[in-house]
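Nothing in this text is a laboratory measurement; each read-out follows from the coordinates by a stated rule. Just so it is clear, the structure is predicted and the values come from calculations on it, not from any experiment. Every residue, glycine among them, receives a Cβ derived from its backbone with ideal geometry; neighbour counts consider all protein chains shown.
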Amino acid sequence: MRALYATSRDRIRNAFAAGVAIYTGTDAGTDAATDAGGSLPHGLIRDKIRALIGAGIPQNEVIAQASWRGCEWLGLPGLVEGAAADFVVLDHDPCVELATMLAPVRIVPRGAVVGD
């Protein structure tokens with residue numbers, strides 16, 4: 001398993017270069033209300049994004065895969081009027097300034113603003 005992990009960046013980079021679609025996601029997370037569904041905290045997607053960029057996939061591609069392209073691949077409507085909305089509002093474009101992901105201005109799950 002360690003040998004497999006040691007070569008994972010090369011394999012991911014080679015798969016992307018060969019045209020394989022790579023989407024960003026995790027199996028992590030718990031339901032905050034019930035503590036059900038997993039044992040890892042939410043927010044790990046940022047680590048996955050950084051890992052894919054570290055593997056050599058261009059930053060703008062990883063951000064697209066983690067957001068609108070992932071949505072399209074899942075057959076979801078994206079950010080359109082009347083659609084269910086889960087998104088974050090950032091101060092800067094994460095395709096240019098990745099660190100902006102660490103401090104969202106607004107978090108909007110299911111169309112409802114969280115915090116203020």
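Computed values, structure above
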| read-out | value |
| --- | --- |
| Packing rank of 90-99, 57-66, where each peptide gets the mean count of other beta carbons within 10 Å, highest leading | 57-66, 90-99 |
| Residue exposure sequence - Thr7, Thr24 - by fewest surrounding Cβ within 10 Å | Thr7, Thr24 |
| Burial ordering of Leu74, Leu52, Leu44, fewest other beta-carbon atoms within 10 Å first | Leu74, Leu44, Leu52 |
| Inter-label distance, nm, simple model (7 Å from Cα along the C-beta direction), Ile45/Arg106 | 1.7 |
| Using θ = phi - 60° and Karplus 6.51 cos²θ - 1.76 cosθ + 1.60, couplings along the range 79-95 (whole Hz; Gly, Pro as x) | 7, 10, 4, x, 7, 4, 10, 10, 7, 10, 9, 10, 6, 9, 6, x, 5 |
| Ascending count of other beta-carbon atoms within 10 Å, so fewest first, for Ser8, Ser67 | Ser8, Ser67 |
